[in-house]
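The values are calculated or read from the model by the stated rules, or taken from the named source; none is laboratory data. Because the structure is predicted, anything quoted here is derived from the model rather than measured. Note: ideal-geometry Cβ built from the backbone for every residue, glycine included; neighbour counts use all protein chains shown. Heads up: the accessible areas ignore ligands, DNA and RNA and are worked out on the full protein's heavy atoms, side chains in. Shrake-Rupley method; radii C 1.70, N 1.55, O 1.52, S 1.80 Å.
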Amino acid sequence: MAKFLKVGKSQEEIAQNDAQVSEVVSGIIKRIENEGDAAVRELSEKFDKWSPESFRLTNEQIEEIMSGIDEQTIEDIKFAQTQVRTFAQAQRESMKDVEVETLPGVILGHKNIPVSSVGCYIPGGRYPMVASAHMSVLTAKVAGVKRVIACTPPIQGEIPAATVAAMHLAGADEIYILGGVQAMVGMAVGTETIAPVDMLVGPGNAFVAEAKRQLFGRVGIDLFAGPTETLVVADETADAEMIATDLLGQGEHGPTSPGALITTSEKLANETVEEIERQLQILPTADIARVSWEDYGQIILVDSIEEALVEADKLAYEHVEILTEDPDYFLNNMANYGCLFLGPETNVAYGDKVIGTNHTLPTKGAARYTGGLWVGKFLKTCTYQKVTPEASAYVGEYAARLCQLENFAGHAEQALLRVRRYGKK
């Protein structure tokens, strides 16, 4: 039976924080709907102290920014984007259009059609997430999206050059230095200077995530995202240093980022607690990582690997590292996760930054019903049908009776018209 050696904040406390965020975001959406660019500019000044002549970068500005970036940084960005592109292209090739003759003269099919326009949010602030450009902009372009725009906030009044480079190299058609809820709403609703998009994607803080939630329906979104989650499943073959490093390495994302350890070894659990405390004395981002671990960290002791699987599926975490003797057991049996990291040789940072799988993944239990961002999220699978006259008359008789069974007289007449017109004279 699972034994909780450490628990984080209650769901009630978390829900109370979420309600406060929701109210703020709702007010911002209404303001931008009513005031457009004026509201966007005022909010940018208020939150980012940023009010340029134009939020959108010109081609000349982008070229100037690119020329000032060192060659190693450009090479590193290109390396990461090559990995992301290669995997995304393989995913796209796995999605085939379908056409089949289900009855003589009845042709049914589907086509995978790219969304027309997408807005990508690239977080900034303390952690300018350059990699989010690869994951969103580039993946949308591989899917065939014609117009991809991207927003990222300024950092202390400066344009984040490396992030702009990544957006540009990924293929962004428009780049805006604009952050926060005002960026999300501007892209979704549109203003005098920003044409609205059909879909929003990308990670962000609690306010950005809530903006996506409230805008969903008006536009599509990749998924509902909350703070980064990391689960390590470990047995006695794992070591505490690696577990602590990988949990704190993700906990630095923010003070509300959950981290959990499920283990069959109480000795390893205790050693991990000691190792976490040791690393928090030297980790440069310990001010955030400590809060996330103390408030949202969990340790669950289980009797067997089979029980570890059950508890892991209950958590349904975004990132799941498997540090056990047989990692493939979880690959073959686990159902609820955003991305699996199998064995000690890999880790969440690889997925976040460079290896090629997408880092925009489901959180807050959403892994129970969805995977992460991939090319398929940018594609609409749309069906069609073609029918010969003879087949229309044949199917029409069945259709008419079934419509009448449901009291849909008008539906039935659609079918009967074809029976009369195309049936045997």
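Label positions at Gln156 and Arg420, each projected 7 Å from the Cα along the C-beta direction, are separated by 7.9 nm.
Please give the contour-minus-distance gain from Glu53 to Val98: 0.36 nm per residue of separation, less the Cα-Cα distance, rounded to one decimal in nm. Could the numbers behind the result be given before it?
On the way: separation 45, 0.36 × 45 = 16.20 nm, distance 4.89 nm.
Full-extension gain reported as 11.3 nm.
If R0 equals 45 Å, the separation of the Cβ atoms of Ala195 and Ala349 corresponds to a calculated FRET efficiency of about 0.80. Give the distance, in whole Å, between the Cα centre of the range 134-198 and the Cα centre of the range 241-307. Using only Cα atoms, the two centres lie 34 Å from each other. Size of the range 125-164: Rg and Dmax of its alpha carbons, in Å, are 11.5, 35. Taking a ≥ b ≥ c as the square roots of the eigenvalues of the Cα gyration tensor of the range 205-308, is the shape rounded (a/c under 1.5), prolate (a/b larger than b/c) or oblate? Oblate. Can you tell me the FRET efficiency between Glu236 and Val291 if r is taken as the Cβ-Cβ distance and R0 is 41 Å, rounded to the nearest 0.05? The pair Glu236/Val291 has a calculated efficiency of 0.85. Normalised Debye scattering of the range 323-370 at q = 0.15, 0.27, 0.30 Å⁻¹ gives log10 I(q)/I(0) of -0.44, -1.11, -1.15, counting only Cα atoms as equal scatterers and leaving out solvent. Calculated accessible area for the chain comes out at 49 Å² per residue, all protein chains present (probe 1.4 Å; ligands, DNA, RNA ignored). Across the accessible surface of the range 28-107, with the other protein chains kept in place and a 1.4 Å probe, carbon and sulfur atoms take up 49 percent. Just the protein heavy atoms count here, and of the accessible area of the range 119-260 at 1.4 Å, carbon and sulfur take up 54 percent. If one puts a single equal scatterer on every Cα of the range 250-351 and applies the Debye formula without solvent, what log₁₀ I(q)/I(0) results at q = 0.11, 0.15, 0.20, 0.22 Å⁻¹? For the requested q values the scattering log ratios are -0.34, -0.64, -1.15, -1.34. The figure for Phe216 is an accessible area of roughly 110 square angstrom, using a 1.4 Å probe on the protein chains alone.
Pairwise alpha-carbon distances in the range 74-169 exceed 22 Å for 42% of all pairs.
Counting only protein heavy atoms and using a 1.4 Å probe, the accessible area of Lys364 comes to about 120 Å².
For the chain, the 222 nm mean residue ellipticity estimated from helices alone, with every DSSP H stretch of n ≥ 4 adding -39500 (n - 2.57) and the total spread over all residues, rounds to -14500 deg cm²/dmol. Please compare each pair in Lys111/Lys314; Lys49/Lys212; Lys3/Lys353 to a cut-off of 26 Å on the Cα-Cα distance and tell me which ones are over it. Pairs exceeding the cut-off: Lys111/Lys314; Lys3/Lys353. Applying the criteria of a DSSP loop state and at most 13 other Cβ atoms within 10 Å to the trypsin sites (Lys or Arg not before Pro) of the range 47-112 yields Lys49, Lys96.
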